[in-house]
1. Counting residues that are among the charged types (D, E, K, R), which strands (runs of 3 or more DSSP E) fully inside the chain reach at least 1?
2. Considering every residue within region 68-89, establish whether at least one is surrounded by fewer than 16 Cβ atoms within 10 Å (Cβ to Cβ), of a type in the set (Ser, Thr, Tyr) and either touching a residue at least 24 places away in the same chain (Cβ under 8 Å) or touching a Cys at 6+ places or on another chain (Cβ under 8 Å) (or both).
3. Identify, by number, the condition in (1) of a type outside the set (Ser, Thr, Tyr); (2) open to solvent by less than 60 Å² (accessible area, probe 1.4 Å); (3) within 16 Å of Leu89 (Cα to Cα) that Ile28 doesn't meet.
4. Looking at Glu19, Glu39, which one is over 15 Å from the mean Cα position of the chain (by Cα) and either open to solvent by 40 Å² or more (accessible area, probe 1.4 Å) or not aliphatic (A, V, I, L, M) (or both)?
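The values are calculated or read from the model by the stated rules, or taken from the named source; none is laboratory data. Please read all numbers here as calculations on a predicted model, not as lab measurements. A quick note on method: Cβ atoms are made from the backbone with ideal geometry, for glycine too, and the neighbour counts reach across all protein chains shown. Ligands, DNA and RNA are stripped out before the accessible areas are found, and what is left, the full protein with its side chains, is counted by its heavy atoms. Shrake-Rupley method; radii C 1.70, N 1.55, O 1.52, S 1.80 Å.
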Amino acid sequence: MKTRYYRVKRGQTLALIAETFCVPAPVIARENALTAEVEEGQVIAVPSERRNLYCVRGGESKTLLCGSAARFSELNATACFYPGQIVYLG
């Protein structure tokens, strides 16, 4: 996995940066050991993986999208799962 570095601009949030780089926000948070929102001027590592992103729809499950709940958590760096969430597919 290649990593690129990005300097946070005024008004940007982790969610906005994640959307810009097409990477789930929890993956960026895990990569940078973030426990709080990013700050202006902070340099963060953004993993640049070539994976399929998907927007979760109502009625879908972690197992359906990634094969298992454990695989989902491993790929997306979170156990959270809700409609509208952008996730990597397994």
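1. Working: elements: 2-7, 43-48, 53-55, 86-88.
Fully inside the chain and qualifying: 2-7.
2. Among the residues of region 68-89, at least one is surrounded by fewer than 16 Cβ atoms within 10 Å (Cβ to Cβ), of a type in the set (Ser, Thr, Tyr) and either touching a residue at least 24 places away in the same chain (Cβ under 8 Å) or touching a Cys at 6+ places or on another chain (Cβ under 8 Å) (or both), which makes the answer yes.
3. Among (1) of a type outside the set (Ser, Thr, Tyr); (2) open to solvent by less than 60 Å² (accessible area, probe 1.4 Å); (3) within 16 Å of Leu89 (Cα to Cα), Ile28 violates only (3).
4. That would be Glu39, the only listed residue that is over 15 Å from the mean Cα position of the chain (by Cα) and either open to solvent by 40 Å² or more (accessible area, probe 1.4 Å) or not aliphatic (A, V, I, L, M) (or both).
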